[in-house]
Amino acid sequence: MTRKAEISRITKETQIALKIDLDGKGVYKIDTGIGFFDHMLELFAKHGGFNLEIQAKGDLRVDQHHTVEDIGIALGEAFLKALGDKKGINRTGYFVFPMDEALSICAVDLSNRPFLEYRMKAGMRKIGDFETVNLPNFFAGFVGGARMNLHLVLAYGKDPHHKVEACFKAFGKAMRMACSMDRAMKGIIPSTKGVL
């Protein structure tokens, strides 16, 4: 079974081309026009073991909001498409990730019910060239596109870079667990409803 997807999202504000392979090796090629955001998406791909390509152009002359949010939407849609009917997947995943002095907790459920609980403060308005106010916009877009539950909590931390990095690494690991196949549940929808 091939668990790959391609998404093209074109609006008056952004043009996004995205490819994902859920059963990859964490190989990535990402260019969003926002250096720090590229780095976070690279960490997500590497720690999730997803092969990921993103080429994005957005109205960065306005601000980063549209670009960051639309990438979240497109990436979530790619996961939803690549997962197909979700037969045999773990469905849920979690990870607690230490990044030096920072600790992030992430739990996900690929439930087909969008919900985001986001408790994280970067502590700086900008990290490198990235406007941190857009972090919840990315995760909200992802949750809507993937139709999933996401609980993301920064337990503690001091360095803003480390705090955000811990969150993206935990998110990648939790998504890897949720997307992974359970051999004992092959061909079975992981829900008492019989559908997700």
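Here is how the numbers come out for the structure above:
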read-out	value
Breaking point among (1) of a type in the set (D, E, K, R); (2) modelled with pLDDT under 95; (3) in contact with a strand residue (DSSP E or B) (Cβ under 9 Å, 6 or more places away or on another chain), for residue 193	(3)
Criterion (outside any strand (DSSP E or B), at pLDDT 95 or above and surrounded by fewer than 18 Cβ atoms within 10 Å (Cβ to Cβ)) met by exactly one of 96, 143, 133	133
Total residues in region 57-91, condition closer than 19 Å to residue 141 by Cα, among the β-branched types (Val, Ile, Thr) and touching a residue at least 60 places away in the same chain (Cβ under 8 Å)	3
Output for region 147-163, where each listed residue is under 13 Å from the mean Cα position of the chain (by Cα) and in a helix (DSSP H, G or I)	none
Residue that is surrounded by 23 or more Cβ atoms within 10 Å (Cβ to Cβ) and charged (D, E, K, R), where the choices are 70, 21	70
Meets criteria (touching a helix residue (DSSP H, G or I) at 6+ places or on another chain (Cβ under 6 Å), surrounded by fewer than 19 Cβ atoms within 10 Å (Cβ to Cβ), among the hydrophobic types (A, V, I, L, M, F, W, C) and not in a strand (DSSP E or B)) for residue 124	yes
Test: residue 79 is part of a helix (DSSP H, G or I), among the aromatic types (Phe, Trp, Tyr) and open to solvent by less than 40 Å² (accessible area, probe 1.4 Å)	yes
Odd one out for residue 111 among (1) in a strand (DSSP E or B); (2) within 18 Å of residue 188 (Cα to Cα)	(1)
Residue that is most open to solvent (accessible area, probe 1.4 Å) [pool: residues in region 149-196 that are over 17 Å from residue 50 (Cβ atoms) and of a type in the set (S, T, N, Q)]	192
Search result, residues across region 11-29 that are closer than 29 Å to residue 63 by Cα and not aromatic (Phe, Trp, Tyr)	11, 12, 13, 14, 15, 16, 17, 18, 19, 20, 27, 29
Tally of residues being open to solvent by less than 20 Å² (accessible area, probe 1.4 Å) and touching a His at 6+ places or on another chain (Cβ under 7 Å) across region 47-67	1
Residues of region 41-74 that turn out to be closer than 20 Å to residue 25 by Cβ, in contact with a helix residue (DSSP H, G or I) (Cβ under 6 Å, 6 or more places away or on another chain) and assigned to a helix (DSSP H, G or I), as a count	4
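The values are calculated or read from the model by the stated rules, or taken from the named source; none is laboratory data. Given the structure is predicted, the values throughout are model-derived calculations rather than measurements. Cβ sites come from the backbone with ideal geometry, for glycine too, and all protein chains shown count toward neighbours. Calculation scope for accessible area: heavy atoms of the full protein, side chains included, ligands and nucleic acids excluded. Shrake-Rupley method; radii C 1.70, N 1.55, O 1.52, S 1.80 Å.
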